[in-house]
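The values are calculated or read from the model by the stated rules, or taken from the named source; none is laboratory data. The structure presented is a predicted model; accordingly, all values stated were derived computationally and were not measured. Cβ: placed from backbone, ideal geometry, glycine included. Neighbour counts: every protein chain shown. Areas reflect the complete protein model, heavy atoms only, side chains present, ligands, DNA and RNA absent. Shrake-Rupley method; radii C 1.70, N 1.55, O 1.52, S 1.80 Å.
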Amino acid sequence: MTKARKNTWWKTAAALGIVVFHFIPFYILVSVALKRQMDTSSRWKMPGYIQLDNFSTALAKGNLVHAVFNTLLITVVAVVLIVLVGAMAAYPLSRVKTKMNRLILSFIVSVMMVPPLSVLVPLYKTMVAIGGINKFWGIIMVSVTYNLPISIFLFTNFIATIPRELDEAGMIDGCSRFGVFYRVVMPALKPVTASVVILTSVYIWNDYAFQLYFLQKSQCRTITLAIASFFTENASDLNAGAAAALLAIVPPILLYLSMQKYFIKGIADGAVKG
């Protein structure tokens, strides 16, 4: 075996190991979701039957349809705002090279390093003061705020790869600066926009801590809170909870599969170039 083939073999084995490692939780989730609640067999063992009642219990007891609707509403509105505001903020930061803009961009990148839960107490007090508790606009505002830095960072680096001559050509044709952005630059941002959409939507869809504190009423319950409702101090329904979790991961998977070709290119161009 040549050295090149040996290196390829190790890379393939490492890749397969990573895939298997990430597949294990999903395998156990499927195994538990398909078992009866009284089945005490190993979670590593797939059942010889299929218990679909767990899914009907998840839908009925967890009010999963309403929770999915609430989560979709929050995610879609927040992601649209994150994309629009992030792209508009990134355009001048990328095109106008000044010390102030570099300082602003450095500050935005540094904000990404701050754990969101470290400011939970003052943030909660602020939300109470402005009446944002148990309001969808409140959690949307929080989600947009904490996802804007990564959006601005990716958009800024990606716009830097777009030739300035396109901006100049658009202005020669009579476009204003806003016209150049919306008609020339924005259409070229499809790859990085797909990356921002996937990264931020999955984060918001899976968010638990903020939604737990800011959405306390049952009618405001999101998908993560609905899944958590199957586990209480007095009793828990692991099988129905697993079934609910399986249903909850379907939308993010479909989103990624539909946008993966843009996602990979956008991550590479938006994070590496600039």
Consider Ile50 against the criteria (1) modelled with pLDDT under 85; (2) in a helix (DSSP H, G or I): it satisfies all of them except one. Which criterion is unmet? (2)
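Let's see how each residue does on (1) touching a Phe, Trp or Tyr at 6+ places or on another chain (Cβ under 7 Å); (2) touching a residue at least 60 places away in the same chain (Cβ under 8 Å); (3) aromatic (Phe, Trp, Tyr):
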position	(1), (2), (3)
His22	no, no, no
Pro25	no, no, no
Arg36	no, yes, no
Tyr49	no, no, yes
Asn70	no, yes, no
Val83	no, yes, no
Thr98	no, no, no
The range 126-138, residues that are buried (at least 17 other Cβ atoms within 10 Å of the Cβ) and not aliphatic (A, V, I, L, M): Gly132, Phe136, Gly138
Failed criterion for Leu123 (all others in (1) under 23 Å from Ala194 (Cβ atoms); (2) without any contact (Cβ under 8 Å) to a residue 24 or more places away in the chain; (3) surrounded by 15 or more Cβ atoms within 10 Å (Cβ to Cβ) hold): (1)
Being outside any helix (DSSP H, G or I) and of a type in the set (Val, Ile, Thr) is the filter; apply it to the range 139-167 and report the residue that is surrounded by the most Cβ atoms within 10 Å (Cβ to Cβ). Ile162
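Quick one: which of Phe107, Phe69 is out of contact with any helix residue (DSSP H, G or I) (no Cβ under 7 Å at 6 or more places or on another chain), at pLDDT 85 or above, under 15 Å from Gln211 (Cα atoms) and not in a loop (DSSP other than H, G, I, E, B)? Spell out the reasoning first.
On the way: Phe107 fails: under 15 Å from Gln211 (Cα atoms).
Testing whether each residue is out of contact with any helix residue (DSSP H, G or I) (no Cβ under 7 Å at 6 or more places or on another chain), at pLDDT 85 or above, under 15 Å from Gln211 (Cα atoms) and not in a loop (DSSP other than H, G, I, E, B) leaves just Phe69.
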Residues of the range 126-157 that turn out to be farther than 23 Å from Leu199 by Cα and of a type in the set (A, V, I, L, M, F, W, C), as a count: 5
So how many residues does the range 32-59 have that are closer than 15 Å to Gly241 by Cβ and among the small types (Gly, Ala, Ser)? 3
Name the residues in the range 24-83 that are of a type in the set (Gly, Ala, Ser) and open to solvent by 20 Å² or more (accessible area, probe 1.4 Å), would you? Ser41, Ser42, Gly48, Ser56, Ala60
